[in-house]
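Before any comments, here is the structure.
Every read-out reported here was derived from the displayed coordinates using simple, explicitly stated rules and does not represent laboratory data. Computed from a predicted structure; not experimentally measured. Note that each Cβ is placed from the backbone with ideal geometry, even for glycine, and that neighbours are counted across all protein chains shown.
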Amino acid sequence: MTDPTTELPLVILDALMPTSQRQVLNRRGSSVWEAKGDRGRHAVKLGYPILATEEHPAQEWIAKAPAREAYVLNWLREERTLYGEWELGTWNVQPWHEGPDLWELWKPCRVEGSTVEPKLDVALSCAEALADLHVKGWAHGDVQPAHFIVGRRGVQLIDLALAHGQPVIEAFDFPFRGCLVHYEAPEISRSVLAEGTAVPTPEADVYALGAAFFISATGTRAVAYPDDAPRPVQRQAVVDGPHRPVTVPGAFGELIGEMLRPRPADRPTIGEVCKALDY
């Protein structure tokens, strides 16, 4: 049986015939690879179920995530994203996006004593990428700094497996159970605590983008909770609030504060965020 943490399945090797491959990410339930060859440079995602442990229940749904993401990408783009099933779950193959992510790019801002300020043209490009998704009828559901790749051709918004807004093929769909809590809006955390699931919305994406700007510029999470706190404790901290004071200076800091408002209706729309950054 193929081990997704150490090798690519034969079905993908046959499809791409890569001359080189390297694993760039391995986390519970998924792995990401860079594959190069005569057919170009690609990102390959493998999904597989998470087995139950004493600390965590089993999560079989995550094995469907690559195929679900491919379905969303194919809805959004003219270029087809390849996907399929393998012995443990699903996979997809999509173009490789070269460049640093938002967290990496704003590292100089986080150096102690630094006077470097966040680049607002980058913030605008991130907001515009998210706005484009919203215009097309989708909420991302998993906005975080690592999902904005800043390349020569602008910002690419990646990792769309949790996006909601349009119908998704039933065979690869699954309920939204929240995302990385650092970027969860209070209403998302509240729903996950109460019901076990939530519904991603553009308003929650705006909150998440504000939290992504906050942590990328300062190195500190928007909401305080212990690093080793269980997920329910983290989510309750988000629900209870308030968020930390925004220390980013000037109008950008004021905008982040507006994006982090606890009530969805009080936050700016992503269009208003773009307008505020476009000066």
_Among (1) closer than 19 Å to residue 179 by Cβ; (2) aromatic (Phe, Trp, Tyr); (3) without any contact (Cβ under 8 Å) to a residue 24 or more places away in the chain - the single one residue 83 does not satisfy_ = (1)
*Residues that are within 21 Å of residue 166 (Cα to Cα) and touching a Ser or Thr at 6+ places or on another chain (Cβ under 8 Å): which helices (runs of 4 or more DSSP H) entirely in the range 37-144 hold 2 or more of them?*
65-76
*Where residue 170 falls short, out of the listed (1) touching a residue at least 60 places away in the same chain (Cβ under 8 Å); (2) closer than 28 Å to residue 63 by Cβ*: (1)
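Name the one entry in 276, 251 that is in a helix (DSSP H, G or I), in contact (Cβ under 8 Å) with a residue 24 or more places away in the chain and surrounded by fewer than 13 Cβ atoms within 10 Å (Cβ to Cβ).
Numbers: 276 fails: surrounded by fewer than 13 Cβ atoms within 10 Å (Cβ to Cβ).
Testing whether each residue is in a helix (DSSP H, G or I), in contact (Cβ under 8 Å) with a residue 24 or more places away in the chain and surrounded by fewer than 13 Cβ atoms within 10 Å (Cβ to Cβ) leaves just 251.
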*asked:* Regarding the range 166-179, can at least one residue be identified that is within 26 Å of residue 269 (Cβ to Cβ), surrounded by 20 or more Cβ atoms within 10 Å (Cβ to Cβ) and aliphatic (A, V, I, L, M)?
replied: no
_Of all residues making up the range 153-184, the number that are part of a strand (DSSP E or B) and aliphatic (A, V, I, L, M)_ = 2
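Looking only at the range 216-248, how many residues end up being outside any helix (DSSP H, G or I), aliphatic (A, V, I, L, M) and surrounded by 19 or more Cβ atoms within 10 Å (Cβ to Cβ)?
Pass one, the range 216-248, residues outside any helix (DSSP H, G or I): 219-230, 241-248.
Still in the list and also aliphatic (A, V, I, L, M): 222-224, 229, 246, 248.
Filter once more, keeping what is surrounded by 19 or more Cβ atoms within 10 Å (Cβ to Cβ): 222-223, 246, 248.
Within the range 216-248, residues that are outside any helix (DSSP H, G or I), aliphatic (A, V, I, L, M) and surrounded by 19 or more Cβ atoms within 10 Å (Cβ to Cβ) number 4.
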_Name the residue that is farthest from residue 147 (Cα to Cα), counting only residues in the range 23-35 that are in a strand (DSSP E or B) and in contact with a helix residue (DSSP H, G or I) (Cβ under 9 Å, 6 or more places away or on another chain)._
35
